[in-house]
């Protein structure tokens, strides 16, 4: 059975990040099929939440690895973490046993559900994806495999902001398709009131070319006035050594390359 814990990985956003994969399957399980996904196409789209791995399994793995020097335990992995129906309990289990802050990276698709928002609210950091300012571009870039609309996701993030008092970050992946829409996206972000804006471009191996630093810098200029804006080219991720290279490499293909330093997450 694949492991639930992997890494630590070197993250430009989370520093030394221990991955927690409550899907923990051999293939990607997701509600989206984003064009830039490093895990490849979504062969098995999933819309219904369920328990994929048990809390007992998670606790056993935590006991095995013992203390790990990390900045965050980050729920991510082989797909969309909010698909796991025991996510909220898993967040509490990880925090109480590892004694580190807990982050969740979500594509935002299931935030329309109140139970998902309530469970995400247990995390210390929630990073919600937003890659497009309108429905057409949303379907072009994120290619949802469940019935959802961008307008519903935006409203869900607003509702989540109302109940969440910890750190909410909005992550945006910029590629050729949306690089000229940064000003519109910045206007949307002002309505959502996140604590941080994260500007990314696909530097991990995938089928979409990343934007060069000068184009990300131009996009960055559209977000002036926000209290905290971070961009992928402006950071120096720490060097880390994964506990299990094979399990880490399944979720992070770049770790198959010995020379990779890890400008990731």
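The values are calculated or read from the model by the stated rules, or taken from the named source; none is laboratory data. All figures in this text were calculated on a predicted structure; none of them were measured in a lab. Note: ideal-geometry Cβ built from the backbone for every residue, glycine included; neighbour counts use all protein chains shown.
Observations on the structure shown:
- Within the stretch 61-93, the set of residues being touching a strand residue (DSSP E or B) at 6+ places or on another chain (Cβ under 7 Å), assigned to a loop (DSSP other than H, G, I, E, B) and closer than 15 Å to residue 23 by Cβ comprises 76, 77, 78, 80, 85.
- For residue 45, the conditions (1) surrounded by fewer than 22 Cβ atoms within 10 Å (Cβ to Cβ); (2) closer than 27 Å to residue 234 by Cβ; (3) over 13 Å from the mean Cα position of the chain (by Cα) are fulfilled apart from (2).
- Restricting 116, 53 to those that are under 19 Å from residue 29 (Cα atoms) and in a helix (DSSP H, G or I) reduces the list to 116.
- Condition met for residue 110 (assigned to a helix (DSSP H, G or I), under 18 Å from the mean Cα position of the chain (by Cα), more than 30 Å from residue 70 (Cβ to Cβ) and in contact (Cβ under 8 Å) with a residue 12 or more places away in the chain): no
- Yes/no for residue 79 being surrounded by 18 or more Cβ atoms within 10 Å (Cβ to Cβ), closer than 28 Å to residue 241 by Cβ, without any contact (Cβ under 8 Å) to a residue 60 or more places away in the chain and out of contact with any helix residue (DSSP H, G or I) (no Cβ under 7 Å at 6 or more places or on another chain): yes
- Flag for residue 154 being outside any strand (DSSP E or B) and either within 18 Å of the chain's Cα centre (by Cα) or closer than 18 Å to residue 208 by Cβ (or both): yes
- Only one of the numbered conditions (1) in contact with a helix residue (DSSP H, G or I) (Cβ under 9 Å, 6 or more places away or on another chain); (2) at pLDDT below 95; (3) under 22 Å from residue 34 (Cα atoms); (4) part of a loop (DSSP other than H, G, I, E, B) is violated by residue 207, and that is (1).
- When restricted to residues that are within 16 Å of the chain's Cα centre (by Cα) and within 20 Å of residue 53 (Cβ to Cβ), the stretch 89-107 contains 7.
- Hits in the stretch 210-265 (condition: under 18 Å from the mean Cα position of the chain (by Cα), in a loop (DSSP other than H, G, I, E, B), surrounded by 17 or more Cβ atoms within 10 Å (Cβ to Cβ) and at pLDDT 65 or above): 210, 237
- Number of the exception - residue 177 against (1) closer than 24 Å to residue 10 by Cα; (2) part of a loop (DSSP other than H, G, I, E, B); (3) modelled with pLDDT of 95 or more: (1)
- Here is the figure for the stretch 7-37: residues that are surrounded by fewer than 19 Cβ atoms within 10 Å (Cβ to Cβ), under 16 Å from the mean Cα position of the chain (by Cα) and closer than 13 Å to residue 76 by Cα total 0.
- Index of the failed condition, residue 165 passing every other in (1) assigned to a loop (DSSP other than H, G, I, E, B); (2) in contact (Cβ under 8 Å) with a residue 12 or more places away in the chain; (3) more than 21 Å from residue 202 (Cα to Cα): (2)
- Residue check for residue 132: surrounded by 19 or more Cβ atoms within 10 Å (Cβ to Cβ) and in a loop (DSSP other than H, G, I, E, B): yes
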